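Contents: one structure, followed by commentary.
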Ligand code: HEM
């Protein structure tokens, strides 16, 4: 239990730390990785370079600190992060290390303003916040191990099939090397792949959504080859595409994530942009099996990078509607009967396309701009926030406790 003085000190210093946020987190990560280079086996190096993850962790600590006297209010957000931590293999013993360097960074940046009283208060507050995460994560490790076919650490899977789905997306069908059953999952969840690349001193971990229906003898991930002139090539995605073939083994952690198709019977609309199709396809397959009224909308650049066209079209179900939007369709795309809209998904088109039944739930996933446009359009069409479920790939931009 934190004292009233400690709580008051924390609340009054959160704004100060937020002002120096970037500087503190830069210093923090610098010291963390210098003193514990082994943690570079867990953190995503690309996210570190872009600074996005740095802000996510720092913002989360400050957001939690604002609620230091009622930490149960941040539990829903803690759970979301804890899924990711569990999937990555973050353990209780890592928390004091992060705490130590966060405190040192605060001290280094605030200098004389970081009085002993302030530092003591932050040490206590960090401890309290860390305990909330540790408790939730311990529970998740236990649940992952105890479910049928489940496991709590790493498990080896062999690539049983590898199939190209578009010019940029390839699917990997993964079966457990031990031949035992594998855990079911909720459509929308992801697994972490831990990759050892020859001549690279670090392990690289990435999360990939499971793109097929649950309860198969395999997990399927569908990976986009990240090659974009404006960014460094994706280390893991390129390696998977170019070097991981049938018969190779990969180490993976059990399914995780709190973005999934809720088990209800309401109609659903599934909207995806680009490789955001992967969790949506799994949801689509589950919803068809459940005989739910489903509208599937997919947006991509054009037909050549549009994955799973046939797989979705072949789900010929009376309660399924399927619409496609291409930003820059080719001549060939114009002759394709599955293509409906040129440009971007917008309010007008959604309003013409959707029947907007009041109890419908909307799930969407894709690049940030796509997500923003979809959310804005749905709000304008009168869809309530609690009918929307979404996830974009990459680190969370900010942690907003509910
Ligand atoms: C991701 C918060 C402790 C390792 C994240 C994210 C948040 C966060 C908000 C982003 C989640 C997302 O992208 O969906 C926190 C808080 C912590 C804490 C508040 C302490 C109370 C730790 C510890 C470790 C760790 C102790 C392990 C050393 C990671 C990693 C990621 C992550 C590896 C993903 C990073 C990436 O992919 O770039 N954390 N975290 N975190 N966290 Fe933590």
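The values are calculated or read from the model by the stated rules, or taken from the named source; none is laboratory data. All values derive from a computational prediction rather than experimental measurement. Note that each Cβ is placed from the backbone with ideal geometry, even for glycine, and that neighbours are counted across all protein chains shown.
Some notes on this structure:
- Cβ-Cβ under 6 Å pairs, at least 6 apart or on other chains, segment 201-218 side closer than 17 Å to residue 284 by Cα and modelled with pLDDT of 95 or more, far side in a loop (DSSP other than H, G, I, E, B) and more than 16 Å from the ligand (Cβ to nearest atom): 210/185; 214/184; 214/185; 215/184
Residues checked against (1) at pLDDT below 95; (2) within 26 Å of residue 237 (Cβ to Cβ); (3) surrounded by 12 or more Cβ atoms within 10 Å (Cβ to Cβ); (4) touching a helix residue (DSSP H, G or I) at 6+ places or on another chain (Cβ under 6 Å):
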{"residue": "344", "(1), (2), (3), (4)": "yes, yes, yes, no"}
{"residue": "354", "(1), (2), (3), (4)": "yes, no, yes, no"}
{"residue": "357", "(1), (2), (3), (4)": "yes, no, no, no"}
{"residue": "369", "(1), (2), (3), (4)": "yes, yes, no, no"}
{"residue": "373", "(1), (2), (3), (4)": "yes, yes, yes, no"}
{"residue": "377", "(1), (2), (3), (4)": "no, no, yes, yes"}
{"residue": "395", "(1), (2), (3), (4)": "yes, yes, yes, yes"}
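- Output for segment 178-208, where each listed residue is part of a loop (DSSP other than H, G, I, E, B), more than 14 Å from the ligand (Cβ to nearest atom) and more than 21 Å from the chain's Cα centre (by Cα): 178, 179, 180, 181, 182, 197, 198, 199, 200, 201
- Pairs where the first residue, in segment 156-181, is on the phi > 0 side of the Ramachandran plot and modelled with pLDDT of 95 or more and the second is in a strand (DSSP E or B) and crowded, with 16+ Cβ neighbours inside 10 Å, C-beta under 7 Å, 6+ apart: none
- Where a residue in segment 30-43 is touching a residue at least 24 places away in the same chain (Cβ under 8 Å) and its partner, wherever it lies, is part of a helix (DSSP H, G or I) and within 12 Å of the ligand (Cβ to nearest atom), with Cβ under 6 Å and at least six apart: 31/101; 32/101; 36/97; 40/33; 42/88
- Of the residues 348, 321, the single one that is loosely packed, with under 13 Cβ neighbours inside 10 Å and over 26 Å from the mean Cα position of the chain (by Cα) is 348.
- The strands (runs of 3 or more DSSP E) falling completely within segment 215-331 that include 2 or more residues that are under 29 Å from residue 344 (Cβ atoms) map to 219-224, 268-273, 294-300, 320-326.
- Residue count, segment 90-103 (criterion: under 17 Å from residue 118 (Cα atoms) and surrounded by 19 or more Cβ atoms within 10 Å (Cβ to Cβ)): 2
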